[in-house]
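A.B. asks: Questions regarding the structure given below will be posed in turn.
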Amino acid sequence: MKNKYPHVYDPFEIRGVWFKNRLQQAPPGCFFAGDDRGFVTDLFVKYFRQYAKGGVAICEVGNCSIDITESSDEDRQLQLSDPDCVQKLKLFAEMCASYGVQGVMELTHNGKDTAPEKIGRAAFSCSSFLTPAEIKRAKMAGREPVPTEAMTVEHIHETVKKYARAAGFCKQAGMKMVNIHGAHGNLIAQFASPYFNKRTDEYGGSLENRARFACEIIDAVRAEVGEDFVIEYRISADEIHPEQMHIDETVEFIRYIKDKIDILHVSAGIHDVWGEPYYMRYLMSNYTMEQQLNVKFAERIKKEFPDLFVSVVGAIKDPAQAEEIIASGKADMVAMNRGLHADYDMPKKYAEGREWEHMPCLRCQCFRMASPHTAKLCSVNPMWGRFDDYPEGRLPKAPVKKKTAVIGGGPAGVEAVKRLLERGHDVTLYEKNDRIGGHINDGCAAPFKQDLRDYLKYMQDFMANCGARVFLNTEATPEMIAAENYDAVIVAIGADPVMPVFPGNGKLPVYWAPDAENGKVPCGENVVIIGGSSVGTEASISLAMKGRKVTVIEMAGQVNLMKNGSFGDLERMSDKYGVTRLLGWKLAEIREDGVIAERTGEDAEDGQVFIPADTVLMAVGMKPRTKEAFAFAHVCPETSVQVIGDASASGDIRDAVYHAFEAARFV
């Protein structure tokens with residue numbers, strides 16, 4: 001069979017170990033190790049099975065501690081320091097092997113990032129220093145911050161042996177490869193960095209000395225596992241922080257390790273959740289950032305070291321992007337993590353020519369959902385993590401095939417269609433507009449919303465290929481639906497923008513912000529946007545990028561835009577493009593030449609300001625079309641009519657998708 005992605009699906013061999021393609025699951029933390037001893041559990045194996053069966057060549061487990069007594073920064077973290085771990089590791093290794101996948105452990109010591117509370121003492125590192133994370137953590141706990149403790153040379157030597165021992169345990173369990181984690185500001189990277197490493201002995205000072213720890217670890221691991229075993233080394237090509245390692249120095253660092261390793265796994269950024277998350281965003285990029293953000297680093301490294309096998313990670317969304325990267329020689333392999341959260345069957349779908357069925361990652365909220373801390377784990381994949389309920393990753397067939405209708409073609413409606421088809425039902429979709437997508441069509445105009453445009457394309461491609469009957473430009477009515485004698489009806493007709501009336505309304509044009517952003521309505525040069533949450537902020541940036549002078553008025557004194565996964569980038573973009581944000585203010589009056597805003601709250605004295613404007617835009621929320629939705633209550637047996645998504649309660653894509661999934665799975 002000829003494939004459109006010949007480079008991606010080209011098998012290769014290293015040291016006698018075969019890999020079936022060039023797609024790698026980048027190592028996530030798992031949070032499924034046993035909470036008593038940190039060993040592999042049945043739940044752990046089930047979790048990773050969904051990726052192994054999806055078609056990747058390498059399935060990696062992230063953040064596996066080489067010594068849990070001094071390196072522990074996650075709950076239920078896997079540990080590789082107890083010999084008893086081997087028998088349990090075999091469960092994972094054998095599962096991977098059954099799918100022709102190489103199972104891999106990421107060997108980690110996080111050094112500075114272990115909280116003193118976790119291990120009952122100061123964290124270890126190359127030198128003694130206080131991190132921003134520890135300062136913040138101590139303040140929250142009401143204690144004095146504890147600086148890291150510099151490791152003695154003897155301790156360094158013991159730690160080198162721990163890496164080797166952990167790799168040996170992996171080999172004993174049947175694995176043929178390990179990943180040594182030298183990226184993201186972990187202990188090895190701390191030794192390599194002149195920012196952290198202030199030593200004056202043979203492990204500090206020159207780059208050669210700072211690379212010594214990494215070299216000794218790799219050499220010890222090789223001595224332990226032998227020649228028929230693959231060693232991968234993960235590196236931050238650029239740590240981004242102005243005082244830390246950047247690509248030029250990283251290239252020089254690689255010269256010391258390149259002949260000792262088999263695969264260089266290229267990432268970027270540093271791990272610092274508590275302290276300075278700005279730099280962590282590069283290892284967990286959000287939707288405002290470029291896609292494929294580390295490919296430029298991999299390309300530079302590949303040019304410097306053409307014989308080095310390079311894997312690259314970082315917002316690479318699908319095998320089509322991977323094909324271009326590999327075919328052009330920028331890297332030899334591509335790693336993905338969140339893209340596989342969104343669709344762990346992605347490798348199979350592209351190999352089988354089912355690209356239209358691929359669910360793209362939105363790079364939205366799973367910074368805190370990369371492992372199951374919440375019930376809703378991925379905005380677009382309600383199956384993710386529910387491997388006990390759905391071991392095959394799909395809904396079971398219904399005992400009786402039903403004639404079903406879905407009204408509304410937004411995220412909730414499309415997800416409902418998908419799941420009803422999975423159940424084996426006959427499905428018809430009604431959409432009153434001329435295109436699928438609902439309000440996603442309104443929300444993806446900004447240049448930085450490429451991930452949302454990818455999702456919109458998915459919805460449209462899916463509905464064009466899935467086999468459901470689709471009626472566009474058709475506003476369903478209760479009479480129309482009742483006449484078709486459906487067995488079940490799902491109503492997903494969405495919500496309307498809230499457009500409040502203010503004193504002076506009509507003196508200036510007042511529109512819904514996304515309509516102006518999309519060019520559906522005229523927009524002047526001086527714009528005031530009412531509402532400073534995501535919709536208003538994104539619209540303000542989009543319009544400011546086009547040269548408008550924009551002011552955002554928001555009643556709340558503080559708006560948490562971190563919750564949508566943007567890591568503060570929306571605020572930074574607002575500043576970059578000159579958006580004025582008035583938090584703790586409200587619109588009081590609209591005049592012919594502008595608006596009057598006044599302060600809110602108890603301190604609102606002398607708090608009025610005139611803002612010149614020729615256009616006022618509203619972004620104050622959505623009103624569910626619940627009344628219109630419940631007009632369909634009697635079109636079929638009443639208990640078989642369900643109202644979902646924004647028509648039920650205004651929310652985000654994740655809310656719509658999960659509501660649709662739950663509605664469809666018992667039809």
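A.B. asks: How many residues does the stretch 302-320 contain that are in contact with a strand residue (DSSP E or B) (Cβ under 6 Å, 6 or more places away or on another chain), in contact (Cβ under 8 Å) with a residue 60 or more places away in the chain and not small (Gly, Ala, Ser)?
C.D. replies: 2
A.B. asks: Sticking with this structure for a sec: Considering only residues that are touching an Asp or Glu at 6+ places or on another chain (Cβ under 7 Å) and under 21 Å from Gly578 (Cα atoms), which ones fall in the stretch 516-530?
C.D. replies: Within the stretch 516-530, Asn518, Gly524, Glu525, Asn526 meet the criteria.
A.B. asks: Looking at Tyr278, Tyr350, Tyr282, can you tell me which residue is at pLDDT below 90 and part of a helix (DSSP H, G or I)?
C.D. replies: Tyr278
A.B. asks: Can you name every residue in the stretch 46-84 that is at pLDDT below 95 and either in a helix (DSSP H, G or I) or not assigned by TED's automatic domain parsing to the domain that holds Gly182 (or both)?
C.D. replies: Scanning the stretch 46-84 gives Lys46, Tyr47, Phe48, Arg49, Gln50, Tyr51.
A.B. asks: Are there any pairs with C-beta distances below 6 angstrom linking a residue in the stretch 545-571 that is under 18 Å from Pro612 (Cβ atoms) to a residue that is among the polar types (S, T, N, Q) and at pLDDT 95 or above, with the two at least 6 apart or on different chains, and if so which?
C.D. replies: Every condition considered, the pairs that remain are Lys549/Asn526; Val550/Ser540; Thr551/Thr580; Val552/Ser540.
A.B. asks: Same structure, new question: When you go through Ala335, Ala298, Ala331 one by one, which is the residue that is in a strand (DSSP E or B) and at pLDDT 95 or above?
C.D. replies: Ala335
A.B. asks: Which ranges mark the strands (runs of 3 or more DSSP E) fully within the stretch 609-667 that have 3 or more residues being more than 21 Å from Glu415 (Cβ to Cβ) and among the aliphatic types (A, V, I, L, M)?
C.D. replies: Fully inside the stretch 609-667 and qualifying: 615-618.
A.B. asks: Quick check on my filter: what residues within the stretch 203-225 are part of a loop (DSSP other than H, G, I, E, B) and either touching a His at 6+ places or on another chain (Cβ under 7 Å) or without any contact (Cβ under 8 Å) to a residue 40 or more places away in the chain (or both)?
C.D. replies: Within the stretch 203-225, Gly205, Ser206 qualify.
A.B. asks: When you check Ser311 against the structure, is it among the small types (Gly, Ala, Ser) and more than 14 Å from Ala26 (Cβ to Cβ), yes or no?
C.D. replies: Taking the combined requirement at face value, the residue does not satisfy it.
A.B. asks: Being buried (at least 24 other Cβ atoms within 10 Å of the Cβ), touching a helix residue (DSSP H, G or I) at 6+ places or on another chain (Cβ under 7 Å), in contact (Cβ under 8 Å) with a residue 12 or more places away in the chain and not basic (Lys, Arg), is that true of even one residue in the stretch 6-13? Talk me through it step by step, then tell me what you get.
C.D. replies: First pass over the stretch 6-13, keeping only residues buried (at least 24 other Cβ atoms within 10 Å of the Cβ): 8.
If we keep only those that are touching a helix residue (DSSP H, G or I) at 6+ places or on another chain (Cβ under 7 Å) as well, we get 8.
Next, from what is left, pick out any that are in contact (Cβ under 8 Å) with a residue 12 or more places away in the chain: 8.
Cutting the leftovers down to not basic (Lys, Arg) gives us 8.
Yes, the conditions are met somewhere in the stretch 6-13.
A.B. asks: Which residue is modelled with the lowest pLDDT, if the candidates are limited to the stretch 222-245 and must be in contact with a strand residue (DSSP E or B) (Cβ under 6 Å, 6 or more places away or on another chain) and crowded, with 24+ Cβ neighbours inside 10 Å?
C.D. replies: The residue in question is Glu239.
A.B. asks: Here is a follow-up. With (1) part of a helix (DSSP H, G or I); (2) free of Cβ contacts under 8 Å to residues at least 24 places away in the same chain; (3) over 20 Å from the mean Cα position of the chain (by Cα) as the list, and Tyr390 as the residue in question, which single condition is left unmet?
C.D. replies: (1)
A.B. asks: Follow-up. Could you check the stretch 101-129 and list, in sequence order, the residues that are out of contact with any Ser or Thr (no Cβ under 7 Å at 6 or more places or on another chain), among the hydrophobic types (A, V, I, L, M, F, W, C) and modelled with pLDDT of 95 or more?
C.D. replies: Matches in the stretch 101-129: Val101, Val104, Met105, Leu107, Cys126.
A.B. asks: Here's a follow-up. Could you pull out the residue among Gly34, Gly38, Gly55 that is more than 30 Å from Asp113 (Cβ to Cβ) and of a type in the set (Gly, Ala, Ser)?
C.D. replies: The match here is Gly55.
A.B. asks: Among the strands (runs of 3 or more DSSP E) confined wholly to the stretch 416-492, which include 3 or more residues that are crowded, with 19+ Cβ neighbours inside 10 Å and modelled with pLDDT of 95 or more?
C.D. replies: Here the list reads 426-430, 488-491.
The values are calculated or read from the model by the stated rules, or taken from the named source; none is laboratory data. Bear in mind that the values here come from a model prediction, so they are computed numbers and not experimental data. For neighbour counting, all protein chains shown are included, and Cβ atoms are generated from backbone atoms with ideal geometry for every residue, glycine included.
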